[in-house]
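All remarks here apply to the structure that follows.
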2 protein chains.
Amino acid sequence: MKSTPRRGPGPLALAVLELLCERPMHPYEMQQTMRERHVNRMVKVTVGSLYHAVDKLERTGLIEATQTSREGNRPERTTYRITDEGRDVFADQLRHMTAEPADEYPEFDLAVGFLHKLDPEDALRQLHERTTAIESNLAAQQVWMDRLATQNLQPMYWINIRYRHAMWQAELTWIRDLVARLESGQINWPNCTPRTKLTVVHESAEETG
Amino acid sequence: MKSTPRRGPGPLALAVLELLCERPMHPYEMQQTMRERHVNRMVKVTVGSLYHAVDKLERTGLIEATQTSREGNRPERTTYRITDEGRDVFADQLRHMTAEPADEYPEFDLAVGFLHKLDPEDALRQLHERTTAIESNLAAQQVWMDRLATQNLQPMYWINIRYRHAMWQAELTWIRDLVARLESGQINWPNCTPRTKLTVVHESAEETG
DNA sequence: GTTCGTTTATTCGAAGTGGAGTATATGGCG
DNA sequence: CGCCATATACTCCACTTCGAATAAACGAAC
């Protein structure tokens, strides 16, 4: 028995379904609406992928074309609506994405894992740059959140922003702690210590496997 | 201002370079070594992608073939070593990945953003499942960290595990808080309120870049 | 009234991803 | 010895991603 290789709709397809839950649209309109609602902060929305996603959703019967209209001589535009099965699959996938932590591979994990390959001052400089970037990031988010708070928008419509804010905050805290530990010498740098063994390396070339 | 279109080596290619910093290897050996060192927890390592990545690294001159040997009649295996330019690019990319927060799209952000599409009890059930999953996740990590602590492995070699642990912890905390707020009725569910119309969501499109 | 920039809408193709498939060697077991 | 499971080591191709290219319509300025 293999580990379920079948995949439901991806993030972009899910976003499409979400829009079509409200009302039928054609792809271009979806794109605009996603921008307006800042859905593009949660999923990568690119033209090509969008049309592809829509196409696949149609092939799998989760959405269907209602009409193809043409204004003047512009490219024909096809309007789609969600099917009943589409609604079901949407809910299922959403539940799944909520309940099951996906295994993703954030780049910073890799960077942190390889950090010992830089020399300590260099690493510290880069970490410092990152904290700065995250700080301005958080500030911008804060402004936005304040704006949203003044308007009477239902909280459930923007908890995702609060979530992201919390995560950035956590990362910032962690990095600051790491920097402090490094600067105070609580963590010593592998290459600087006498008994490094794992990473002494590479003379000139010859080594037969 | 366009979003920097120039791309250095991706995560997998970076991992390859990191290995080859130590000593020459052939692709299959890289794969094994990555498994042993749990690099596969930080990057998605799949055969096809690996060979492709190696191929591209060679084409761009960041690594080069040193020898192709054959044992018996097995497929030929090509051993690669890193070039000087490879080393430079590795360091550059690592610095970049450290200093600049990448914009990635974790699935849970989307799920949280769409959560209001489920009814409240359903959403709470899914969130609860997630907390459970994360808890066991954290427990497993803790065990591993304890094991590593007993061995005298340099801390810098596993701070990435600590980092991931901290991030999971933060997510868990946030979700618990959300659940608490939802259960205590501090956040009311959109559908439960007199629904004006779902189109309240969008407002001005302009904001800080 | 034509030229220029923007908006409307989609197609296309190059590049990348990922897993199944291929093919040989090796080791254990009756 | 014959058989099967596993390890070694890639190759292949179906699918996905994402930005460039295409192309018509619209507004407004010269």
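Would you mind listing the distances between the B:Thr68 label point and the same position in each other copy? Use 7 Å along Cα-to-C-beta, nm, one decimal, shortest first.
So the distances to the same position in the other copies read 4.9 nm.
Binning at 10 angstrom from zero up to the longest distance, how are the C-alpha pair distances of region A:88-135 distributed in percent?
21, 30, 20, 19, 10, 0
Please report, in Å, the Rg and the Dmax of region A:33-103, where both are computed over Cα atoms only.
14.7, 48
Taking other Cβ within 10 Å of each residue's Cβ, how do B:Glu36, A:Glu171, B:Glu129 sort, fewest first? Kindly include the intermediate steps, with their values, before the conclusion.
Values: B:Glu36 9, A:Glu171 22, B:Glu129 16.
So the ranking, lowest neighbour count to highest, is B:Glu36, B:Glu129, A:Glu171.
Positive end of the dipole of region B:11-99, charges at C-beta (+1 Lys, Arg; -1 Asp, Glu), about the Cα centre: which of B:Thr83, B:Gly61, B:Leu14 has its Cα farthest in that direction?
The residue sitting most towards the positive pole is B:Leu14.
Please work out, to two decimal places, the log10 of the ratio I(q)/I(0) at q = 0.10, 0.21, 0.26 Å⁻¹ from a Debye calculation in which every Cα of region A:107-192 carries one identical scatterer.
-0.36, -0.99, -1.31
Using +1 on the beta carbon of Lys and Arg, -1 on that of Asp and Glu, and nothing else charged, what's the dipole of region A:11-99 about the Cα centre, debye to 20? Display every interim value, and only then the final one.
Numbers: 13 positive and 13 negative charges, 70 e Å.
Roughly 340 debye for region A:11-99.
Values quoted throughout were computed directly from the atomic coordinates according to the rules given, and no laboratory measurement underlies them. Treat the numbers as computed from the prediction; the structure is a model and nothing was measured. Neighbour counts run over all protein chains shown; Cβ positions are idealised from the backbone, glycine included.
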